[in-house]
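K.L.:
Sharing a structure here in structure tokens format.
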Amino acid sequence: MSLIVIAIGGNAILNPEKGNPKEQQELIDRTCREIAQIISVGHDVVLTHGNGPQIGNILTMQEECGLVHPQPLDICGAQTQGMLGYSLQQSLINMLWGIGVKKDVVTILTQVIVEGSCCSFGNPTKPIGLYYTEERAKMMMARGVKMIQDKKGYRRVVPSPDPLEIVEEIAIKKLISEGVTVIAAGGGGIPVIRNNGLLVGVEAVIDKDLTASLVAKDIGADTLLILTDVENAALNYGKSNQVDLHEITVSQGERYIKERHFGKGSMEPKVLAAIGFIKSGGKLAIISSLDKALDALAGNAGTRIIGGYLKVD
Ligand code: ADP
Ligand code: MG
């Protein structure tokens, strides 16, 4: 029996063009059907998920409504953990029970401690939510919202500090030891700091791949499986000389990061998360797509990141 931390992207559960509840449910069911298959062949699973599109939607609702006080980002993050946790938990129970696997599934609202003095607080860089016109962006910036401009327009930017510690780590371990399938650290976790011994939420969004890596390390998982919308991490991505990677060592991964092969904020954090897990003693990290999850675990798909040196045949 092996313990696997599975990280799925926020886009796997909300397609920005297909936001209606029925279509969303279909996406969630498709995701949970695959995860139920992984559990049914004997793996213990801790599931974690992104929340980019969902937290973007909450911020848009706050922005457009103007009638109620906007909530800080830790509260918005907690909202996404609750709503996505509910949907995933319900769908996963339905899928598992449907194939005769009588397991409990529980979502844990998970707080993650970040470095309070982290440089990213002074200079936020992670873009989230909708694009705004210059006129609208200027009004928002006058209210203190930090924004950046790119080719498509203006977007809100927030700090994205590194995750240091999972507050609910022991509770997660207890549930796993009881055979419960746990959904935890959604959206990278609710960002908090310790202030005079007390936990306090902060205005930030944590990268979900880095948090998944920390969860996998803390609970002693055998495998970190990061599922996204491409089957492999690639070199020269999107170019005519693209090369899909099948198995790389930590040192190769580090070299490819230096050579800037992986998109910042998309593929790079996944490779960093995989490297971090292996360096902390994990056996295997895999990056692949949802529909190839089982094949990837069997060694027949995806990009595997392993320790040591690659053997030469
Ligand atoms: P998720 O929501 O699963 O975290 P992201 O959009 O953040 O998904 O990351 C996956 C995306 O990373 C892919 O759709 C792909 O466009 C992009 N990407 C950037 N660089 C690479 C690369 N070198 N190899 C493969 N995909 C890459
Ligand atoms: Mg991502």
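Only the coordinates and a few stated rules stand behind these numbers; no lab work does. The model shown is predicted, which means the values in this text are computed figures rather than measured ones. Heads up, the Cβs are rebuilt from the backbone with ideal geometry, glycines too, and the neighbour counts pull from every protein chain shown.
K.L.:
Which of the trypsin sites (Lys or Arg not before Pro) found in region 215-313 are loop residues per DSSP with 15 or fewer other Cβ atoms within 10 Å of their Cβ?
P.N.:
LYS239, ARG260, LYS264, LYS283, LYS311
K.L.:
Let me ask something additional. What are the aspartates and glutamates whose alpha-carbon lies under 13 Å from the alpha-carbon of LYS173, with same-chain residues fewer than 8 places away excluded?
P.N.:
Within reach: ASP44, ASP218.
K.L.:
Also, I was wondering about something else. Looking at region 1-140, what % of the alpha carbon pairs are farther apart than 24 Å?
P.N.:
42
K.L.:
If you fit an axis through the alpha-carbon atoms of helix 208-218 and take the longest principal axis of the Cα set of the chain, what angle between them do you get, 0 to 90°, nearest 10?
P.N.:
It works out to around 50 degrees.
K.L.:
Taking the chain as the reference, fit the longest principal axis to its C-alpha atoms, fit the long axis of helix 267-279 to the helix C-alpha atoms, and give the angle between the two in degrees, 0 to 90, nearest 10.
P.N.:
50
K.L.:
While we're looking at this one, here's another question. Starting from the Cα of LEU235, step 7 Å along the direction of its Cβ; do the same at GLN37; then give the gap between the two resulting points in nm.
P.N.:
Result: 3.1 nm between the two label points.
K.L.:
Just to be sure I understand: of the beta bridges DSSP finds with both ends in region 203-313, what percent are antiparallel, rounded to 5?
P.N.:
35
K.L.:
Just to be sure I understand: with springs between alpha-carbon atoms less than 10 Å apart, which residue in GLU135, GLU268, GLU165 has the highest mean-square fluctuation in the Gaussian network model of the chain?
P.N.:
GLU135
K.L.:
Using every pair of alpha-carbon atoms in region 121-241, split the distances into 10 Å bins beginning at 0 and state the percent of pairs per bin, rounded to integers.
P.N.:
11, 29, 30, 22, 8, 0
K.L.:
Which one of ASP295, ASP44, ASP222 has the biggest mean-square fluctuation once the chain is modelled by GNM with Cα springs under 10 Å?
P.N.:
Between ASP295, ASP44, ASP222, it is ASP295 that shows the largest mean-square fluctuation.
K.L.:
Helix-only mean residue ellipticity at 222 nm, the chain, DSSP H runs n ≥ 4 weighted -39,500 (n - 2.57), per residue, nearest 500. What is it?
P.N.:
Result for the chain: -12000 deg cm²/dmol, rounded to the nearest 500.
K.L.:
What's the angle, to the nearest 10 degrees (0 to 90), between helix 52-65's Cα axis and the longest principal axis of the chain?
P.N.:
For helix 52-65, the angle is close to 20 degrees.
K.L.:
Another question about this same structure. Using only the Cα atoms of the chain, what do you get for the radius of gyration and for Dmax, in Å?
P.N.:
Here Rg and the maximum Cα pair distance are 19.3, 66 Å.
K.L.:
Just report the Cα centroid separation between region 205-235 and region 243-296, whole Å.
P.N.:
Value for the Cα centre distance between the two parts: 9 Å.
K.L.:
P(r) tail for region 205-264, what percent of Cα pairs lie past 20 Å?
P.N.:
36
K.L.:
Okay, moving on. Translational D (Stokes-Einstein, µm²/s) of region 75-144 at 4 °C and 1.567 mPa s when Rh comes from the Kirkwood sum over C-alpha pairs?
P.N.:
Reported coefficient: 80 µm²/s.
K.L.:
Suppose we keep just the DSSP beta bridges with both residues in the chain; what percent of those would be antiparallel, to 5?
P.N.:
Here the share of antiparallel DSSP bridges comes out near 45 percent.
K.L.:
Could you give the dipole magnitude of the chain about its Cα centre, charging the beta-carbon of Lys and Arg +1 and that of Asp and Glu -1, in debye to the nearest 20?
P.N.:
Result for the chain is approximately 440 debye, rounded to the nearest 20.
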